[in-house]
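Just below is one structure, and these are the notes that go with it.
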Amino acid sequence: MKIYADRSPTAARQFLTDLLVVAWVYFSIRGAIWLHDLVQKLAVPGRKLEGAGAGLADNLADAGSKVGRVPLVGRDLTGPFEQAAAAARSVADAGHDQQQLVGQLALALSLAALAFPIGLVLFGWLPLRVRWIRRASAAAALRSAPAGRDLLALRALATQPLRKLTLLGPDVAEAWRRGDERTTEALAALELRGLGLLPRR
């Protein structure tokens, strides 16, 4: 399998592009994590609200239980403490709900921020890179065999720009049909050069 081209300029360009893609993905992930942490800071008031509400509810419940031990009137006096404790628990629940909402918002925003850069890699760069690897691997396997060179020459006739084909001769297609070895080699070399490969390895 060919990962990089044989020709130095093409291989260097591929390697540099791969490094840039890795850096792009890394900094995109770091940016999404930073955004997630930034949004999560909005949950701090909710944590404080939950802590304060839970603490107040515990204190009121404890005070109510102590007041309830007062003879004769203790049971009547516990009602307001129980109601206040329930209200404090509601405040704590509101703080907890706010934290959950902020957590969901942080996750959604970080994933949304990550979708575009990762989408560019998955649907832009990666298919082109895999396509080149498949084509270059097949061409590298064909370049050493005589029949393979014929196939490479035929592909060059079908896909290479006319400007490049006419540089090989005014009647390059007819020369290839006659089985001219020199023309076949030139066409195969043209196709390999287009992929950044050397004619023979």
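Bear in mind that the values in this text are calculations on the coordinates, not laboratory data. All values reported here derive from a predicted model rather than from experimental measurement. Note that we place each Cβ from the backbone using ideal geometry, even for glycine, and neighbour counts take in every protein chain shown.
Of note:
- The Cα atoms of the chain cover 119, 27, 24 Å along the three principal axes, with the biggest extent listed first.
- Taking other C-beta atoms within 10 angstrom as a stand-in for reagent exposure, 180, 62 fall in the order 62, 180, fewest first.
- Distance cut-off 15 Å, percentage of C-alpha pairs in the stretch 127-201 lying past it: 49 percent
- Relative contact order (%) - the chain, alpha-carbon pairs under 8 angstrom, separation at least six: 26 percent
- Close amide-amide hydrogen proximity is noted between residue 169 and no other residue 5 or more places distant or on a separate chain, at a cut-off under 5 Å (H modeled in the peptide plane; Pro and chain starts excluded).
- For residue 48, the aspartates and glutamates whose Cα comes closer than 20 Å to its Cα, not counting residues fewer than 8 places off in the same chain, are 37, 58, 93, 97.
- Alpha-carbon centroids, the stretch 106-143 and the stretch 1-62: separation in whole Å: 21 Å
- Options 17, 151, 136, ranked by Cα towards positive dipole end of the chain, top entry (Cβ charges): 151
- Taking Cβ atoms as reference points and 12 Å as the exclusive limit, the residues near residue 121 contribute a net charge of 0, counting Lys and Arg as +1 and Asp and Glu as -1.
- Here is the P(r) of the stretch 18-59: all C-alpha pair distances, binned every 10 Å from 0, give 26, 25, 20, 15, 10, 4, 0 in whole percents.
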